[in-house]
Amino acid sequence: MSPSLVPFLRYGLLLIIAFGNGVCDEHEYRLTKYLLDGYDAGVRPAKNSSQPLVVVFGLSLHHIIDVDEKNQILTTNCWVTQVWTDHHLKWNASEFAGIRVIRVPYNRVWRPDTILYNNADPQYSSAVINTNVIVSHTGEVVWLSHGIFRSSCDINVEFFPFDEQRCALKWASWTYDGYQLELESQSEQGDVSNYQANGEFHLLDFTARRNVEYYSCCEEPYPDITYEIRLRRRPMFYVFNLILPCILINGVALLVFYVPSESGEKVTLGISALLSMTVFLMTIRETLPPTEKTPLISLYYGVSICLVSFASGLAVVTLNLHHRGVRGIRVPSIVRSLVLDKLARIVFLNFQEENRSVKRMSRRNNSREGRTTVRCTASPNCRSSTYPPNMYREKTIVTALVPV
């Protein structure tokens with residue numbers, strides 16, 4: 001081949017490609033103009049105005065971004081799919097070079113006004129990314145949108161951090177009632193094929209159900225598709241950061257009773273444990289919402305604080321009694337009866353037997369030191385009206401100890 005023919009061949013190939021693209025673009029342009037000329041995006045594209053237009057709604061859960069327990073808001077990343085039949089967007093594919101599917105800007109065709117009813121985002125319109133709609137030659141329109149949705153959720157934290165949450169995403173048309181728009185679910189189960197796991201919550205179930213409700217504004221029924229997200233919290237983070245420290249602090253608070261009174265650190269140790277429990281309780285209160293049902297972990301911390309406070313108070317009483325004994329002050333009879341008689345029975349201790357044995361030992365020691373016992377026979381001096389004659393009895397004579 002001659003080198004001079006190579007540039008001509010290149011130019012010829014480029015012209016063929018350009019001509020082919022121009023024809024293809026001309027057919028698609030002609031089809032778009034054919035469909036959208038005289039098309040009104042505000043008119044419901046139903047085949048019969050007396051029949052409702054069926055819209056198939058589907059939701060794909062991509063990621064759970066955040067679960068705000070305090071404000072009771074669920075933030076999710078979802079993909080929304082809506083499919084309906086537009087009878088004004090049909091064509092014969094053979095008349096347009098076999099084109100069966102085209103993409104049209106979403107604002108140039110009719111769209112159902114399906115919104116999230118329990119929305120909690122003030123910038124809802126900017127949070128949703130709307131793309132082109134996919135139109136087929138049969139009139140089927142597929143609208144794929146993507147957005148980050150913030151929805152209100154009734155969060156129950158009674159069993160925190162071992163709780164399960166159920167959050168609902170309610171989707172329905174805002175102006176079209178059930179006689180004009182029939183909303184159907186794409187499947188009974190939500191799509192989780194592209195779901196990315198959350199580090200705090202484990203996704204248990206994602207289901208869809210169709211409901212028909214009547215509102216106070218209108219007499220017509222309004223169908224909706226409600227997706228329920230069931231989540232279970234992963235508790236290990238809170239076990240190691242909230243529950244385990246509380247158990248250890250309670251163990252330290254018990255050591256208050258084993259600290260010697262002479263050290264002077266009994267009250268200091270109890271107050272330190274009390275402050276630590278208060279700090280952990282404040283941390284939990286900042287995280288959880290002020291609901292009617294108090295979380296069990298808050299009750300646990302509250303009871304623990306009461307026990308630690310009681311232990312600190314008993315440490316003060318113990319120090320008071322200890323220093324009184326050092327100064328030679330006797331224990332009050334009320335405290336003695338309360339501790340040695342009543343409280344001792346609760347802990348299965350018996351101090352009465354010990355007191356009796358101590359008294360017996362003291363009597364024996366006293367009798368050895370300053371008392372002598374003599375035995376006399378029956379005589380006028382030893383007779384008694386309570387004892388018969390000729391009986392022996394003991395007569396105790398107390399004598400003074402005089403050194404010889």
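Residue-wise test of (1) assigned by the TED database to the domain that holds Thr283; (2) out of contact with any strand residue (DSSP E or B) (no Cβ under 7 Å at 6 or more places or on another chain); (3) modelled with pLDDT under 90.
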| position | (1), (2), (3) |
| --- | --- |
| Ala46 | no, no, yes |
| Val54 | no, no, no |
| Gly58 | no, no, no |
| His62 | no, no, no |
| Asp66 | no, no, no |
| Ile73 | no, no, no |
| Trp91 | no, yes, no |
| Arg111 | no, no, no |
| Leu116 | no, no, no |
When segment 287-322 is examined, which residues are found to be closer than 20 Å to Phe162 by Cβ, part of a helix (DSSP H, G or I) and of a type in the set (Val, Ile, Thr)? Thr287, Ile297, Val303
Show the residue pairs that are 6+ apart or on different chains and have beta-carbon atoms under 6 Å apart, the first residue being within segment 162-188 and closer than 21 Å to Phe201 by Cα, the second being in a strand (DSSP E or B) and among the hydrophobic types (A, V, I, L, M, F, W, C). Gln165/Leu231; Cys167/Leu74; Cys167/Ile229
Can you confirm whether Arg209 is over 20 Å from His63 (Cα atoms) and in a strand (DSSP E or B)? yes
In segment 27-60, what residues are open to solvent by less than 20 Å² (accessible area, probe 1.4 Å), out of contact with any Leu (no Cβ under 8 Å at 6 or more places or on another chain) and aliphatic (A, V, I, L, M)? Leu31
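The rows are residues; the columns are (1) in contact with a Pro (Cβ under 9 Å, 6 or more places away or on another chain); (2) open to solvent by less than 70 Å² (accessible area, probe 1.4 Å).
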position	(1), (2)
Tyr179	yes, no
Gln186	no, no
His202	no, no
Arg209	no, no
Glu213	yes, yes
Cys217	no, no
Tyr227	no, yes
Scanning segment 272-288 for residues that are surrounded by 15 or more Cβ atoms within 10 Å (Cβ to Cβ) and among the hydrophobic types (A, V, I, L, M, F, W, C), the one nearest to the chain's Cα centre (by Cα) turns out to be Leu288
How many residues, within segment 108-127, are open to solvent by less than 30 Å² (accessible area, probe 1.4 Å) and in contact (Cβ under 8 Å) with a residue 60 or more places away in the chain? 4
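The values are calculated or read from the model by the stated rules, or taken from the named source; none is laboratory data. For clarity, every value in this text was computed on a predicted model and none was experimentally measured. Cβ atoms come from the backbone with ideal geometry, glycine included; neighbour counts cover every protein chain shown. Side chains included, ligands, DNA and RNA excluded: accessible areas come from the protein's heavy atoms. Shrake-Rupley method; radii C 1.70, N 1.55, O 1.52, S 1.80 Å.
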